[in-house]
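The block underneath contains the structure these notes are about, expressed in structure tokens.
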Amino acid sequence: MKKGFRVIGLILLIKGLTFLSADSFGQKITSLDPSSVPGTSIAHSHSEKCAHTLIQARIEKEMGYFGSEGFFEDWIDQKIEIRKTVPQIARLQEDPRLIPVVVHVIHNGTSVGTGANIPDSQILEQIRILNEDFRRLNADASLTPAEFLPVAADANIEFVLAKQDPDGLPTSGIVRVQGSKSTYDPNSDATLIGQTSQWNPDEYMNIWVVPLVSPYIGYATFPLSDLPGLNFSPTPANIDGVTIDYRYFGAGGSAVSASLGRTATHEVGHYFGLRHIWGDGGCDVDDFVTDTPIQDASNNLCNSNPSKTSCGVSNMIQNFMDYTPDACMNLFTNGQIERFNVVLENSPRRVTLVNNRATQEPVLAERDLSLAQILQPVDAICELTVVPQVVVQNAGTGRVTSARVEFRNNGVLIENRRFAVNLETGEQAILTFSSYQLQPSNNFVQFEITQVNDQGDENAENNSLSSSPVLQGEISLPYTFDPQNFPGDWVVSNPDQSMTWRNTSLTLNGQNQQAVYFRNYEYEAPGQYDYFISPIIDLDRYPNAQLVFEVAHAPYDQAGYEDELLISVSEDCSANFDLVDVKYQKSGVRLETSPSTIEEFIPTSTDQFRTEIFNLSSFQGLGKVRIAIVNKNAYGNNIYLRNIRILPTEELNYGVTIEEVLIPTPINTGSHTDEIVRVSNSGNLTISKFVFNRTSNVSVPESYAVTELNMAPGEEVEVEVPNSTQQGKNRLRFSVSEPNFDQNGDSPAIVSRYHLESVDSITAPWRQKFDSNGLGTWLTINPENDLTAWTARSVSSDTGFDNAAVLENGIAGNSYWLGTPTFDLTLSSQASVFFDLASGQVDPDTRLSLLASRDGGMTYSEVWSAAGQELSTVTVGEANPNSEGDYARKYVDLSSIAGSGSERARIAFVLTVAGSSNSPVYLDNIELFLNANPEPVIPTEGSSTLYPNPARDRFSLAFNLPTRDEVTIQIISSNGSIVHEVVYPGTLNQTYTFSTELFRTGVYLIRISGNSLVEMKRLIIN
């Protein structure tokens, strides 16, 4: 029976999660609010104090949205609300919650009490300070300002140096280890610190005291939530704890004089779920605690009466979660303690700390020697001749001077030997027996302690260990494991001789199929590892070998039951399978292939299995290796494996690639509501989920889980996420990673895109000669890399010097955009553009395109393009921008973007560069007409043309003015009467047409007047 599972039927509404529908494969995109921007650094008044935001950013980068602020805050909000609705049983005297602490002093080899190898007294001072601060027994509690006294509170948490080590033996709770570095950087060394020394974070609050690089003096990992189905750790276990620079740990000893031990108080606050009191932002960012006032930034103020006002309220600069110097910190609030309560009552790796065995003195027998480990023969061997070895440990209170141990195989006594030892409590020794020849098969080896100090052992429960060694050979690839012949040439290593890997028969899609499984559902041995070990693989022969299998797992739907699947590689016949630095490690949602459940999971469909791959190429240097598929039990739910194969090459791969950023386009108005990115399955396996990451401008990266896919190789999906940009230049960075949570891939390639957002407009028609103000209000950008794009260059002409737009020194793989402001084409059903183009020889794939948009650049369509020789306007060399003969006049019909709905039309010239041999490309005299006549009548500049004349059905007046002008046209009869008058504001290059039906036949005068034009013309109407 599982312990403490939730009430069934409780619906949890996750406020911060947004589910966005998309049009491909019915996928679900789960987004979270971005985490806040880390605060800036300012001197030891505690701005260098805390690298918590750095560690959180690392976790978000590694774990995506499951490790984000929003994910955790949604969870803790729910727990607080539930806690408020459930009546709490009042106790007049509640016992304090004891937290066992192990302090790992990682030093540089100096003697105890020198430098980083701090004295015990400094550690004891820190424990005293933590207890006083968390119980509000600190002497400076009296300095809390009166306005904050109503919310200042006792957390009822006390800390005790661990009294039992992981083996249940007495300990001081202090571990001293010489580290491999002189200083440690939280950016890169957090994992190294944990690997150097750590006790089980489920049972101990690990505090590492180390020399940190400036400006950091401490950091802590955040707790995790227990949301159903997502109850895996976003914080890797091997970094879970608190890390403090030795100069700011406790007081006295090696600590600086300003240290009063509050760095640890601050970091333990993070460890129990608190954020910085200013929320790592400004007045619009919160720490998610109702009784801490908002403030605009961290504080470093400390004097006899410190006070500060920001965001319209007094700052609580005395709070332990500010950056205030130690001497001015003195309180936690009720709201902060409410978060402590939720974390200590619910959060995995925190709830198991409270009042556990490590807070109590161990009860030991006087005479107790335990068999700790079999070194040889282990379950998998490569030779039949072995030298048996075991590790024994004094688990009693008395000294052990001798041990008698029996060695048996298949029940037959092989050797009964008395060993002389000298072991104090907790000490170990390796005992070696005579060389022995095992049977070719069916070996069952047993070791048993029969006497200690020539007397009986007072605790027989830890006196025996056994193994079943199997001679393993080398296999040729490709190889397929047959589960019907389980374990076959594989070996099952079952250290506790309890439940382990076995084969089973499943009914999948109505068909009977064999599988290997681990029944975690009925195996209550949290933390126990069981190994399923392959035969030998020669990586000199198969350097790119690949392990392939299918996995099925539904997590148990309750916090703290996250079984884990690992893959480790061991050299040759070594039994040393590294379980820390592994390249495959999955649990919770990363291992999940079916929804979480409180029922025992037994798959019924092949759809509940997912293909997993593990590439061995990074282990080439080891030569001959074995693979161990390892189950780490958490008393959760069953894990099934099928179709286990080892291939000679990396035949299968997961891949996901960004193909194109569809929205935003490089030049647009910014009116889009979503950013849309087209993503393809670039591998050869079907994908059901992947992680999509976005960084907008200088913001903290955001991650989205794209799930519920059925994306076959080569298929594509459009990912839509909410718009995050602003007017002006923007930089967006996108990446995709972890298809099906695959762990073989390198760091994801980041696709950067720059774009311009502008709502500037011009009146149609228009003309752009680039003469008066360079590019003027036109927009230009290189979206791929923000390189120099189009510029205005001075060129000579018949009328002197003017400018042309030029793109030169383009780099292959880049596009260069030159776009207009928006313009209104709703009043015209036709439009066209003319432009002068000059280009020398270019690469055959270099292309100039003209794109047109009727929605301000949200979407574009190509209306003209030319590439290679078609783009060149000269036969050899480069075009001369000063020579009219090197230009070609081009016409493009734009009627497709004219008419109703075209209030924000826009066009853009885009040069896409290929190769390295490209001449400059010039554009000039770009002119928009409100008609689609490829051969319009164009008067000389500053004049008009009347045609046809004489006129029969209609006549027209074409204009070509240097600037936009208001033109009055009067038609005067032969007797001097004005028979028609019309005013045309904004006249530039328009052609106005009149019907002769308005007039009698005869001779008329046409008077044209404006600021830049006064003309009289004679018109004959027949």
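Any idea which of 124, 130, 137 is assigned by TED's automatic domain parsing to the domain that holds residue 195 and in a loop (DSSP other than H, G, I, E, B)?
Every option except 137 fails the conditions.
So which residues in the stretch 656-681 are buried (at least 18 other Cβ atoms within 10 Å of the Cβ) and not aliphatic (A, V, I, L, M)?
Scanning the stretch 656-681 gives 664, 665, 666, 668, 669, 670, 672, 675, 680, 681.
Of these, 489, 496, 530, which one is touching a Pro at 6+ places or on another chain (Cβ under 6 Å), of a type in the set (Asp, Glu) and not assigned by TED's automatic domain parsing to the domain that holds residue 373?
After ruling out the rest, the residue left standing is 489.
Just to verify a result, which residue in the stretch 293-316, among those that are over 32 Å from the mean Cα position of the chain (by Cα) and crowded, with 24+ Cβ neighbours inside 10 Å, is nearest to residue 143 (Cα to Cα)?
Filtering the stretch 293-316 for residues that are over 32 Å from the mean Cα position of the chain (by Cα) and crowded, with 24+ Cβ neighbours inside 10 Å, the one nearest to residue 143 (Cα to Cα) comes out as 316.
Does residue 633 qualify as being of a type outside the set (Phe, Trp, Tyr), surrounded by 20 or more Cβ atoms within 10 Å (Cβ to Cβ) and modelled with pLDDT of 95 or more?
Answer is no for this residue.
Out of all the residues in the stretch 972-995, which are buried (at least 16 other Cβ atoms within 10 Å of the Cβ) and either touching a Ser or Thr at 6+ places or on another chain (Cβ under 7 Å) or over 29 Å from residue 927 (Cα atoms) (or both)?
Matches in the stretch 972-995: 972, 991.
Could you check, for the stretch 402-415, whether at least one of its residues is within 52 Å of the chain's Cα centre (by Cα) and not small (Gly, Ala, Ser)?
no
Condition first: out of contact with any Ser or Thr (no Cβ under 7 Å at 6 or more places or on another chain), closer than 29 Å to residue 133 by Cβ and loosely packed, with under 15 Cβ neighbours inside 10 Å. Can you find one or more residues in the stretch 359-377 that meet it?
The answer is yes; a qualifying residue exists.
Kindly indicate which of 209, 177 is touching a residue at least 40 places away in the same chain (Cβ under 8 Å), in a strand (DSSP E or B) and within 30 Å of residue 369 (Cα to Cα).
177
From the list 740, 710, 744, 684, which one is under 24 Å from residue 549 (Cα atoms) and touching a Leu at 6+ places or on another chain (Cβ under 7 Å)?
So the residue among 740, 710, 744, 684 that is under 24 Å from residue 549 (Cα atoms) and touching a Leu at 6+ places or on another chain (Cβ under 7 Å) is 684.
So which pairs qualify, if the first residue must be in the stretch 575-601 and in contact (Cβ under 8 Å) with a residue 12 or more places away in the chain and under 30 Å from residue 469 (Cα atoms), the second must be part of a loop (DSSP other than H, G, I, E, B) and among the polar types (S, T, N, Q), the Cβ gap must be under 9 Å, and the two must be at least 6 apart or on different chains?
From residues that are in contact (Cβ under 8 Å) with a residue 12 or more places away in the chain and under 30 Å from residue 469 (Cα atoms), the pairs are 583/743; 583/744; 584/743; 584/744; 585/743; 586/743; 587/233.
Residue-by-condition table, conditions (1) at pLDDT below 90; (2) in the same structural domain as residue 347 (by TED's automatic domain parsing); (3) out of contact with any Ser or Thr (no Cβ under 6 Å at 6 or more places or on another chain); (4) part of a loop (DSSP other than H, G, I, E, B):
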site: 195; (1), (2), (3), (4): yes, yes, yes, no
site: 199; (1), (2), (3), (4): no, yes, yes, yes
site: 219; (1), (2), (3), (4): no, yes, no, no
site: 227; (1), (2), (3), (4): yes, yes, yes, yes
site: 234; (1), (2), (3), (4): yes, yes, yes, yes
site: 278; (1), (2), (3), (4): yes, yes, no, yes
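What's the number of the condition residue 154 fails, among (1) buried (at least 19 other Cβ atoms within 10 Å of the Cβ); (2) on the phi < 0 side of the Ramachandran plot?
(1)
Residues to consider are 881, 939, 920, 950; find the one that is of a type outside the set (S, T, N, Q) and without any contact (Cβ under 8 Å) to a residue 24 or more places away in the chain.
So the residue among 881, 939, 920, 950 that is of a type outside the set (S, T, N, Q) and without any contact (Cβ under 8 Å) to a residue 24 or more places away in the chain is 939.
Select from the stretch 984-1015 the residues that are in a loop (DSSP other than H, G, I, E, B), of a type outside the set (D, E, K, R) and more than 60 Å from the chain's Cα centre (by Cα) and list them in ascending order.
999, 1001, 1010, 1011, 1012, 1013
So which strands (runs of 3 or more DSSP E) stay within the stretch 909-980 end to end and still have 1 or more residues that are at positive phi, assigned by TED's automatic domain parsing to the domain that holds residue 857 and touching a Phe, Trp or Tyr at 6+ places or on another chain (Cβ under 9 Å)?
Where strands (runs of 3 or more DSSP E) fall fully within the stretch 909-980 and carry at least 1 residues being at positive phi, assigned by TED's automatic domain parsing to the domain that holds residue 857 and touching a Phe, Trp or Tyr at 6+ places or on another chain (Cβ under 9 Å), they are 921-929.
Return yes or no: is residue 626 charged (D, E, K, R) and part of a strand (DSSP E or B)?
yes
Take the residues in the stretch 424-476 that are closer than 27 Å to residue 368 by Cβ and aliphatic (A, V, I, L, M), then tell me which one is farthest from the chain's Cα centre (by Cα).
In this case the residue turns out to be 452.
If you take the residues in the stretch 367-413 that are charged (D, E, K, R) and at pLDDT 95 or above, which one is nearest to residue 468 (Cα to Cα)?
Among those that are charged (D, E, K, R) and at pLDDT 95 or above, it is 408.
On the basis of being among the charged types (D, E, K, R), closer than 30 Å to residue 880 by Cα and under 59 Å from the mean Cα position of the chain (by Cα), does residue 966 make the cut? First the steps, then the outcome.
On the way: among the charged types (D, E, K, R): yes; closer than 30 Å to residue 880 by Cα: no; under 59 Å from the mean Cα position of the chain (by Cα): yes.
Taking the combined requirement at face value, the residue does not satisfy it.
With the checklist (1) modelled with pLDDT of 95 or more; (2) closer than 20 Å to residue 990 by Cβ; (3) among the polar types (S, T, N, Q) in hand, flag the one item residue 925 doesn't pass.
Just one mismatch for residue 925, condition (1).
Under 8 Å by Cβ, and 6 or more places apart or on different chains, what pairs join a residue from the stretch 995-1011 that is without any contact (Cβ under 8 Å) to a residue 60 or more places away in the chain with one that is outside any loop (DSSP other than H, G, I, E, B) and small (Gly, Ala, Ser)?
996/951
Going by the structure shown, is residue 849 assigned by TED's automatic domain parsing to the domain that holds residue 891, farther than 17 Å from residue 665 by Cβ and either touching a helix residue (DSSP H, G or I) at 6+ places or on another chain (Cβ under 8 Å) or polar (S, T, N, Q) (or both)? Let's see the steps before the verdict.
Numbers: assigned by TED's automatic domain parsing to the domain that holds residue 891: yes; farther than 17 Å from residue 665 by Cβ: no; either touching a helix residue (DSSP H, G or I) at 6+ places or on another chain (Cβ under 8 Å) or polar (S, T, N, Q) (or both): yes.
No; evaluated as a whole, the condition is false for this residue.
The values are calculated or read from the model by the stated rules, or taken from the named source; none is laboratory data. Bear in mind the structure is a predicted one, so any value in this text is a computation, not a measurement. Here Cβ is always computed from backbone atoms with ideal geometry, including for glycine, and neighbour counts include all displayed protein chains.
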